[in-house]
Amino acid sequence: AIRGVRAPVAWSDALPVATAFTVVATVLLQRAWVVTSHPDHWWFGADAAQVELRALAASRLRLTLGAFSVYGWQHPGPLPFYWMAPFYAGADRQFGALAVATVAANVLGLTGVVFVLRRFGGRLAGWLAVAGVVGFLWRFGTEGLWVGWNPNLTIVPLALLLPCVAGVVVGHRWAVPACVFLASWVVQAHLGTALVVGGLVVATAAAVVVHARRAPRAWRAPVAAGLALGAALWVLPLADQVAGSHN
């Protein structure tokens with residue numbers, strides 16, 4: 001392509017993403033169908049009850065913190081449960097909707113891994129990502145991808161966060177808001193990820209500082225979008241700590 005002129009996008013560029021979406025959606029939606037159609041396959045227990053209670057509170061806009069911990073405190077935030085809330089409310093508060101919501105999040109997340117690696121690394125990286133996703137499904141299985149237990153909700157978003165951070169490091173400025181969203185989701189779902197995510201946030205921030213010094217105008221908008229998104233995602237847990245409601 002001539003410098004300054006963007007080359008046309010070939011249809012083949014979308015093939016890795018479309019392939020990943022088709023494979024992941026087919027596998028996980030089939031599992032979700034089994035879960036929602038056969039009650040004997042449903043996931044019951046104390047953690048399942050907690051997930052449903054949190055989704056119920058989120059559907060009523062009353063949730064400000066995350067899941068309860070076995071150590072007597074709560075995980076930082078409600079973001080994953082607000083994702084589940086529309087599915088849960090739209091299905092007339094049926095438990096199976098939580099599996100569908102979890103599947104939807106993981107389909108988007110695994111497809112996002114392929115999209116980001118294809119976008120930042122080229123076709124070969126995209127197809128290698130497809131192979132990695134298929135291998136992950138084969139080795140890890142699907143149970144952790146339809147069960148809305150909060151530790152499970154960190155797996156795919158954390159996998160997607162890694163290439164997004166790498167994208168910022170090499171200069172893809174609009175990966176900044178994606179990093180903010182994914183880092184917030186992972187830490188809000190489970191505080192045990194804070195050390196790993198914190199390291200990735202530091203790396204992202206350092207890369208932003210370096211790039212912003214070289215091209216401050218170009219980085220101003222994505223950084224502002226990231227900061228605004230971060231403030232919006234953390235306002236509920238921070239307000240809860242100030243008010244002391246601890247729901």
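The values are calculated or read from the model by the stated rules, or taken from the named source; none is laboratory data. All figures in this text were calculated on a predicted structure; none of them were measured in a lab. Because the Cβ atoms are built from the backbone with ideal geometry, glycine has one as well, and the counts that use them run over all protein chains shown. Quick note on the areas: whole protein, heavy atoms, side chains included, nothing else; ligands and nucleic acids left out. Shrake-Rupley method; radii C 1.70, N 1.55, O 1.52, S 1.80 Å.
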**Complete:** Whole-percent carbon and sulfur contribution to the accessible surface of the chain (1.4 Å, no ligands, DNA or RNA) stands at 69 percent
**Item:** Computed lengthening from residue 143 to residue 26, 0.36 nm per intervening residue step minus Cα-Cα distance
**Value:** 40.7 nm
**Prompt:** Per-residue HN-Hα couplings for segment 71-85, Karplus 6.51 cos²θ - 1.76 cosθ + 1.60 at θ = phi - 60°, whole Hz, x for Gly and Pro?
**Reply:** 8, x, 10, 10, 5, x, x, x, 3, x, 6, 6, 5, 6, 4
**Asked** Under a point spin-label approximation (7 Å from Cα along Cα-to-Cβ), what is the residue 210-residue 162 distance to one decimal in nm?
**Response** 2.0 nm
**Asked** Suppose every K and R has +1 on its Cβ and every D and E has -1 on its Cβ; what is the size of the dipole of the chain about the Cα centre, in Debye to the nearest 20?
**Response** 1160 debye
**Message:** If I take R0 = 41 Å and measure r between the Cβ atoms of residue 62 and residue 225 in this structure, what FRET efficiency does the formula 1/(1 + (r/R0)^6) give, to the nearest 0.05?
**Reply:** 0.90
**Asked** Which residues does a label at residue 69 reach in segment 187-229, if reach means a backbone N under 14 Å from a point 7 Å past the Cα toward the Cβ?
**Response** 187-196
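Probe of 1.4 angstrom, ligands and nucleic acids ignored: what's the accessible area per residue over the chain, in square angstrom?
Working: 13220 Å² over 247 residues.
Accessible area per residue: 54 Å².
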**Request:** List the longest stretch of the chain that has no exposed loop site; here a site is one of the trypsin sites (Lys or Arg not before Pro) assigned by DSSP to anything other than H, G, I, E or B, with at most 10 other Cβ within 10 Å.
**Result:** 61-247
**Fill in**
If one compares the long axis through the Cα atoms of helix 96-121 with the longest principal axis of the Cα atoms of the chain, the angle in degrees, nearest 10, works out at 10 degrees
**Request:** Return the long-range amide H neighbours of residue 66 (sequence gap of 5 or more, or a different chain), with a cut-off of under 5 Å between placed amide H atoms.
**Result:** 75, 77
